[in-house]
1. Restricting to the range 45-59, count the residues that are surrounded by fewer than 15 Cβ atoms within 10 Å (Cβ to Cβ) and part of a helix (DSSP H, G or I).
2. May I ask you to verify whether Phe14 is part of a helix (DSSP H, G or I), buried (at least 17 other Cβ atoms within 10 Å of the Cβ) and of a type in the set (A, V, I, L, M, F, W, C)?
3. Would you please name the residue that is modelled with the lowest pLDDT, looking only at residues in the range 52-79 that are among the aromatic types (Phe, Trp, Tyr) and within 18 Å of His98 (Cβ to Cβ)?
4. Could you say which residue among Pro101, Pro75 is surrounded by 10 or more Cβ atoms within 10 Å (Cβ to Cβ), closer than 18 Å to Leu37 by Cα and free of Cβ contacts under 8 Å to residues at least 40 places away in the same chain?
5. Just for the range 84-98: of the residues that are more than 17 Å from Lys24 (Cα to Cα) and among the hydroxyl-bearing types (Ser, Thr, Tyr), which one is surrounded by the most Cβ atoms within 10 Å (Cβ to Cβ)?
6. Would you tally the residues in the range 60-92 being within 28 Å of Val49 (Cα to Cα) and either outside any helix (DSSP H, G or I) or in contact with a strand residue (DSSP E or B) (Cβ under 7 Å, 6 or more places away or on another chain) (or both)?
7. What number of residues in the range 18-50 are touching a helix residue (DSSP H, G or I) at 6+ places or on another chain (Cβ under 7 Å) and over 21 Å from Ser63 (Cβ atoms)?
8. Out of Phe50, Phe62, Phe38, which single residue is touching a residue at least 12 places away in the same chain (Cβ under 8 Å), of a type in the set (Phe, Trp, Tyr) and within 30 Å of Ser88 (Cα to Cα)?
Amino acid sequence: MNAPIVYLSGLSMFLALVTFFYNKGYQGANRFLAAFLFLSALYFLIQFVFIYSNSLVWMAFFSSGFASLYYLIGPLGFFYVRSVLRDSARISGWDYVHFVPFLVWCSPNFLT
């Protein structure tokens, strides 16, 4: 059993929350970074549950609605890098195109 993955994911989530609430300097950029780290740690925790865990309860819990959050990791990483380079954390109207895969995955009746 690979229990260190669970502890490292939990620690990463905790540090992401600390970064989100107690940030200094690039406040908007740090919020993008905290969300990116939190969702990445959650993704690794979900992968651990599906691959190594035999618990049907945890598999059902994580498969219900957390799979769509994977599509937010890329845009959050992009917005973090862009906000550090530009010194502005503003999201304009055209930037919402980055969230289209997430919205398509979340809408159950999109193709029917």
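1. Qualifying residue count, the range 45-59: 7.
2. no
3. Filtering the range 52-79 for residues that are among the aromatic types (Phe, Trp, Tyr) and within 18 Å of His98 (Cβ to Cβ), the one modelled with the lowest pLDDT comes out as Tyr70.
4. Working: Pro101 fails: closer than 18 Å to Leu37 by Cα.
Answer to the selection: Pro75.
5. It comes out as Tyr96.
6. 1
7. 14
8. The conditions single out Phe38.
The values are calculated or read from the model by the stated rules, or taken from the named source; none is laboratory data. The model shown is predicted, which means the values in this text are computed figures rather than measured ones. Counting neighbours? That spans all protein chains shown, and the Cβs are built from the backbone with ideal geometry, glycine included.
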